[in-house]
Amino acid sequence: MSTTASPPSVADVVTELDRRYPPAWAEEWDRVGLVLGEPTDPVRRVYGTVDVVPETVAEALAAGADLIVAHHPLLLRGVSSVAPTTWKGRIVHDLIRAGAALYVAHTNADTAAPGVSDALAARFGLTGLRPLAPSAPGSPAAGGGRGIGRIGELPAPMTLAELTRHAAAVLPATVWGVRAGGDPGRIVRTLAVSGGSGEGFLAAATAAGVDAFLSSDLRHHPSGEHLAAGGPALLEAAHWATERPWLDDVAAHLRADFGVETVVSDLDTDPWTVHAAAPAMDDKEPRP
Ligand SMILES: [Zn+2]
């Protein structure tokens with residue numbers, strides 16, 4: 001379609017994104033799909049971002065984007081006002097005034113295959129991918145290798161310490177970096193990854209018998225108890241860094257399908273902006 005003279009409409013692109021990420025695959029609490037924008041407006045440039053925040057909206061509008069594809073919903077809970085005097089209302093006004101549309105694919109993109117965790121797995125070159133938590137039989141997304149997270153084999157075994165450094169190198173750069181829990185010398189061959197908050201899948205990672213599990217938002221007690229029970233080693237990256245790789249896949253797909261221009265934001269929207277390692281921690285012996 002890249003040879004056609006007229007650009008696709010917002011509705012055309014939404015139809016394709018809804019086909020790839022059907023809203024019925026989203027969790028019940030989630031809010032996905034077209035958030036705002038005229039369906040008949042043309043789309044020449046698409047901007048991809050994990051978060052719709054003032055900084056990424058400014059970047060999108062400066063780039064001349066007609067459509068923003070975002071991962072996290074801007075309006076997840078009920079609102080009674082989008083007055084421009086509010087933080088989110090300001091964003092809604094800025095986008096409508098600029099004539100830019102906003103589309104969200106969240107848990108439906110997590111579940112899809114290829115989806116968010118496939119793109120994350122690809123950063124590690126994982127092969128033989130299968131879902132960490134397959135979509136439930138009988139659910140709208142059942143089958144097709146769909147579900148949350150991916151399990152695969154690393155191209156070569158490495159220690160947990162090596163894998164942690166490797167993860168920091170292959171994932172989008174953040175101040176947070178990557179930290180890991182477990183024996184630094186543990187050999188990792190099979191890795192489970194889950195983009196976004198993966199704490200709810202610690203038991204699934206243990207049941208799958210993987211050597212390590214990489215996700216984000218892993219808290220002290222659930223993580224400590226998981227490791228104490230002999231579960232897979234844990235790697236925790238910044239939430240944004242685990243989901244950002246997916247946007248490249250979306251952009252490539254839209255370029256191929258519609259011949260549109262794409263811009264993917266590398267603006268780190270993780271809340272954490274400062275990181276300091278304690279002095280001399282490199283020499284410290286790990287806990288036995
Ligand atoms: Zn997320």
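Bear in mind these aren't lab numbers, they're just calculated from the coordinates by the rules spelled out. Predicted model only: the values in this text are computed from it and were never measured. With ideal geometry, Cβ positions are generated from the backbone for all residues, glycine too; neighbour counts draw on all protein chains shown.
Things to note:
- Entry note, the chain: the mean residue ellipticity at 222 nm calculated from DSSP H runs of n ≥ 4, each adding -39500 (n - 2.57), is -9500 deg cm²/dmol after division by the residues and rounding to the nearest 500.
- Mean-position separation - Cα centroids, the stretch 35-72 and the stretch 81-144, in angstrom: 14
- Highest to lowest packing among 16-27, 88-99, scored as the average C-beta count within 10 Å: 16-27, 88-99
- Charge dipole (the chain, unit charges on Cβ, about Cα centre) - positive-most of Ser80, His226, Ala278: His226
- Net charge of neighbours whose Cβ lies under 12 Å from the Cβ of Val53, counting Lys and Arg as +1 and Asp and Glu as -1: -4
- More than 35 angstrom apart: percent of Cα pairs within the chain: 22
- Packing around the peptides 106-116, 171-181, taken as the average count of other Cβ atoms within 10 Å per residue, puts them in this order, highest first: 106-116, 171-181.
- Compared with the alpha-carbon gap, the fully stretched path from Arg255 to Ser80 is longer by 59.3 nm at 0.36 nm per residue.
- Formal net charge of residues neighbouring Val210 (Cβ-Cβ distance under 13 Å; K, R +1; D, E -1): +2
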